[in-house]
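The values are calculated or read from the model by the stated rules, or taken from the named source; none is laboratory data. Worth saying up front: this structure is predicted, and the values here are computed from it rather than measured. Counting neighbours? That spans all protein chains shown, and the Cβs are built from the backbone with ideal geometry, glycine included. SASA here: full protein model, heavy atoms, side chains in, ligands and nucleic acids out. Shrake-Rupley method; radii C 1.70, N 1.55, O 1.52, S 1.80 Å.
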Amino acid sequence: MIWNEHAECMNREQLVRLQSERLHSMINRLYYNVPFYRKKFQEQGIGADDIQSIDQLKYLPLTTKQDLRDNYPFGLFSVPQQEIIRLHASSGTTGKPTVGGYTRHDLEIWSEVVARSLYAAGVDHNDVVHVSYGYGLFTGGLGIHQGAQKIGATVIPASGGNTKKQLQIMHDFGSTVLACTPSYALYLADTMKEIGMDPSELKLRRGIFGAEPWTEEMRKEIENKLHLKALDIYGLTEIIGPGVAMECEHQNGLHVFEDHFIPEILDPQTLQPVPYGEIGELVFTTITKEGMPLLRYRTRDLTSMTIETCSCGRTTARLHKFMGRTDDMLIIRGVNVFPSQVESVLLEMSETEPHYQLIVDRMNNLDVLEILVEVNETFFSDEIRQLEALTHKIKANIESTLGISAKIKLVEPKTIERSEGKAKRVIDKRPH
Amino acid sequence: MLLQQLSLFLENKKGRLTEVTRVLSENGINIAAFSIADTADYGILRMIVDQTEIALIALKEQGFAVHTTQVVGFVIPNEPGNLYQALQHLDSIDIEIEYLYAFAHNGNAATVIKTNDNTLVAKILAEFGYQLLGQGSQLHS
């Protein structure tokens, strides 16, 4: 199901033209309304009307989270405050919260992209959408709520917490769609088991899960435990909230609603665009937002992108599985390495578990990478020959994914240091 | 008749073998035979014990990567040429040996052998009159 076929299925040429027009007017607004951006443009000698095409995007300045902090709370707003009709904020675990200011038009765009997201997930006006994202400053609850309302679904604004009550409501009200974080979905499943409720007693058929990274394994677990199809939604307060990108029912990447948000994938070191299919940092430019338009905002999320038409018919760019954050990135012998790449290799191999640790050291002025992989009784063999074959297989798969060689060392179960339930993935012993 | 062997993954770290023997000792397990295959980073400890199931559970509880493997145990009379003769029987039916180790048994040598076809090996050895070892008390000499 496609909510807005015109916007979601237009050919690339049309789309680029539309994006270019919108980018031009956005730059114009930034130039005249946001002193922060005007200063940046003037420093680079960019005039208000110089940008005519998205091809020029790569010459424009980037915006970072630090820029948002420096201009806290309203310094990046491009309209007078009486035009702002809603404020949201994401909890700042480090530093000040990140603010999002919305005009009436912005809220309409937001509902529109969430409506598209829900349709992509196969959700329509016949559905009962149970929203267990938190309502409040967090964009999750109200964001999904507005979109579900727009498509005419029955919305249950359950918000977070009080899990047993939520299950009762889901049961009694016949919820067909669950919207929450993937970890809360698993928590709901566990609580169901605890109180002896069988998933077949519920009518859930779709899950709209986001606001935190999750793996394919988690997807399978949630789908098995809740008897629904689990789909990934992506968004961030800075850009608009949930609905920046959404998986369709083919579960083959997240469609970016490109007529509103232009995605770029940049090499986190050189900050130059990387070719389609290569991993880099996701950067967004909002081209229709009025309240707080952002130019080339660095999300610090790592992913890759394709613009091939999806089997669902949408022509929009798709983001692949998120590989982690730029904060996790290591540079080994000049190559960007993400611990999550190692994880994906181990997950793909049936013989291994994703318990690993990367140890980086420098020997004779050369970076060396050692990867510890925990064995368990199911794949450990009593024959050295087989263990060596397994080690070689891991090594080969790692090398083809990372592009650098690594020494693989098998270690005993649960010996990799864990802190707060999470394994410590990287030890960098190199002198800094 | 096949024998259950415990196979354990051990990192080459000080004190790991001691830890295994502590767990077995605390659970009253007697080791009849063992061998270690070692590489630079890790080793595989293979053991025949008197109470395999109890040992398996106790070691798993302590977080060891351990499982049971089926092997063939047989007795070789303590005279020159007997191992040669036994291996000849196996060669003649095209058996590949993964590993083997031996221990003393009632004045004779008992041999533990893992091959690509343990069931066939047990059958052949029995046909040639070798005494096969089973689990339990007869391992104590």
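Here's a check for you: in the range A:378-408, which residue that is crowded, with 18+ Cβ neighbours inside 10 Å and in a helix (DSSP H, G or I) is farthest from the other protein chains (Cβ to nearest Cβ)?
It comes out as A:L402.
Taking strands (runs of 3 or more DSSP E) that fall entirely within the range A:80-186, which contain at least 3 residues that are of a type in the set (S, T, N, Q)?
Details: elements: A:86-90, A:98-102, A:128-131, A:154-156, A:177-180.
In the range A:80-186, there are no strands (runs of 3 or more DSSP E) which contain 3 or more residues that are of a type in the set (S, T, N, Q).
Scan the range A:2-41 for residues that are more than 17 Å from A:I262 (Cα to Cα), touching a Leu at 6+ places or on another chain (Cβ under 7 Å) and open to solvent by less than 10 Å² (accessible area, probe 1.4 Å) and jot them down.
A:V34, A:Y37 - these are the residues of the range A:2-41 that are more than 17 Å from A:I262 (Cα to Cα), touching a Leu at 6+ places or on another chain (Cβ under 7 Å) and open to solvent by less than 10 Å² (accessible area, probe 1.4 Å).
Residue by residue, here is whether (1) in contact with an Asp or Glu (Cβ under 9 Å, 6 or more places away or on another chain); (2) modelled with pLDDT under 85 holds:
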position	(1), (2)
A:V337	no, no
A:S340	yes, yes
A:V345	no, no
A:S350	no, yes
A:H355	yes, yes
A:L358	yes, no
A:L369	yes, no
A:E374	yes, no
A:E377	no, yes
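So for the range B:119-130 (the condition being in a helix (DSSP H, G or I), farther than 22 Å from A:F379 by Cα and under 13 Å from the mean Cα position of the chain (by Cα)), does at least one residue qualify?
Pass one, the range B:119-130, residues in a helix (DSSP H, G or I): B:119-127.
Narrowing further to those that are farther than 22 Å from A:F379 by Cα: B:119-127.
Of the ones still in play, those that are also under 13 Å from the mean Cα position of the chain (by Cα) are none.
No: the range B:119-130 contains no residue that is in a helix (DSSP H, G or I), farther than 22 Å from A:F379 by Cα and under 13 Å from the mean Cα position of the chain (by Cα).
Looking for whichever is open to solvent by 50 Å² or more (accessible area, probe 1.4 Å), in contact with a helix residue (DSSP H, G or I) (Cβ under 6 Å, 6 or more places away or on another chain) and away from chain A (no Cβ under 13 Å) here; the options are B:N27, B:N106. Which one fits?
So the residue among B:N27, B:N106 that is open to solvent by 50 Å² or more (accessible area, probe 1.4 Å), in contact with a helix residue (DSSP H, G or I) (Cβ under 6 Å, 6 or more places away or on another chain) and away from chain A (no Cβ under 13 Å) is B:N27.
Which one of the conditions (1) within 13 Å of chain B (Cβ to nearest Cβ); (2) in a loop (DSSP other than H, G, I, E, B); (3) open to solvent by 40 Å² or more (accessible area, probe 1.4 Å); (4) not aromatic (F, W, Y) does A:P431 fail to meet, given that it meets all the rest?
Here A:P431 meets the rest and fails (1).
What is the residue count in the range A:123-171 for residues that are surrounded by 23 or more Cβ atoms within 10 Å (Cβ to Cβ) and of a type in the set (V, I, T)?
The number of residues fulfilling the criteria is 5.
Any residue at all in the range A:249-258 that's in contact with a Lys or Arg (Cβ under 6 Å, 6 or more places away or on another chain) and either at positive phi or open to solvent by 20 Å² or more (accessible area, probe 1.4 Å) (or both)?
Yes, the range A:249-258 has at least one match.
Considering only residues that are among the aliphatic types (A, V, I, L, M) and buried (at least 22 other Cβ atoms within 10 Å of the Cβ), which ones fall in the range A:172-187?
Result: A:V177, A:L178, A:A179, A:A185.
Tell me whether the range B:75-89 contains one or more residues that are touching a strand residue (DSSP E or B) at 6+ places or on another chain (Cβ under 9 Å), within 14 Å of chain A (Cβ to nearest Cβ) and open to solvent by 50 Å² or more (accessible area, probe 1.4 Å).
Checking the range B:75-89: not a single residue is touching a strand residue (DSSP E or B) at 6+ places or on another chain (Cβ under 9 Å), within 14 Å of chain A (Cβ to nearest Cβ) and open to solvent by 50 Å² or more (accessible area, probe 1.4 Å).
Right, A:A48: more than 26 Å from the chain's Cα centre (by Cα) and hydrophobic (A, V, I, L, M, F, W, C) or not? Let's see the steps before the verdict.
Working: more than 26 Å from the chain's Cα centre (by Cα): yes; hydrophobic (A, V, I, L, M, F, W, C): yes.
In short, yes.
Where in the range A:208-263 are there strands (runs of 3 or more DSSP E), lying fully within it, with 3 or more residues that are more than 30 Å from A:K58 (Cβ to Cβ)?
A:229-236
So, in the range A:281-306, exactly how many residues are at positive phi and open to solvent by less than 20 Å² (accessible area, probe 1.4 Å)?
Selection size over the range A:281-306: 1.
Which count do you get for residues in the range B:30-53 that are at the interface with chain A (Cβ under 10 Å from one of its Cβ atoms) and not in a strand (DSSP E or B)?
3
Restricting the search to the range B:54-66, which residues are surrounded by fewer than 23 Cβ atoms within 10 Å (Cβ to Cβ), part of a loop (DSSP other than H, G, I, E, B) and facing another protein chain (nearest Cβ under 9 Å)?
Passing the criteria: only B:G63.
From the set of residues in the range A:303-328 that are in contact with a Leu (Cβ under 7 Å, 6 or more places away or on another chain) and not β-branched (V, I, T), which is farthest from A:V79 (Cα to Cα)?
A:M323
What number goes with the only condition from (1) of a type outside the set (G, A, S); (2) more than 14 Å from every other protein chain (Cβ to nearest Cβ); (3) under 17 Å from the mean Cα position of the chain (by Cα) that B:T69 does not pass?
Status for B:T69: all satisfied but (2).
With the structure loaded, tell me whether A:L204 is in contact with a His (Cβ under 7 Å, 6 or more places away or on another chain), modelled with pLDDT of 95 or more and part of a loop (DSSP other than H, G, I, E, B) or whether it fails that test.
For A:L204, the condition - in contact with a His (Cβ under 7 Å, 6 or more places away or on another chain), modelled with pLDDT of 95 or more and part of a loop (DSSP other than H, G, I, E, B) - is met.
Restricting the range A:55-67 to residues that are more than 23 Å from the chain's Cα centre (by Cα) and closer than 15 Å to A:I287 by Cβ, which is surrounded by the fewest Cβ atoms within 10 Å (Cβ to Cβ)?
A:D55
Kindly indicate whether B:L24 is modelled with pLDDT under 95 and either in contact with a strand residue (DSSP E or B) (Cβ under 9 Å, 6 or more places away or on another chain) or not in a strand (DSSP E or B) (or both).
So B:L24 does not fit the description; no.
Among all residue pairs at least 6 apart or on different chains, which show Cβ distances below 8 Å where the first residue, located in the range A:215-229, is on the phi > 0 side of the Ramachandran plot and the second is open to solvent by 40 Å² or more (accessible area, probe 1.4 Å) and assigned to a helix (DSSP H, G or I)?
Matching pairs, first to second residue: A:H227/A:S200.
Can you find, within the range B:2-24, the residue that is nearest to the chain's Cα centre (by Cα) among those that are of a type in the set (S, T, N, Q) and either within 14 Å of chain A (Cβ to nearest Cβ) or more than 19 Å from A:D382 (Cα to Cα) (or both)? Explain how you work it out, then say what you get.
Kept after step one, since they are of a type in the set (S, T, N, Q), are these residues of the range B:2-24: B:4-5, B:7, B:12, B:18, B:21.
Among the residues that remain, those that are also either within 14 Å of chain A (Cβ to nearest Cβ) or more than 19 Å from A:D382 (Cα to Cα) (or both) are: B:4-5, B:7, B:12, B:18.
On the way: B:Q4: 7, B:Q5: 5, B:S7: 9, B:N12: 21, B:T18: 19 Å.
Ranking the qualifying residues of the range B:2-24, first place goes to B:Q5.
Residue under question is A:K193, and the condition is that it be assigned to a helix (DSSP H, G or I), surrounded by fewer than 18 Cβ atoms within 10 Å (Cβ to Cβ) and more than 25 Å from the chain's Cα centre (by Cα); does it hold?
yes
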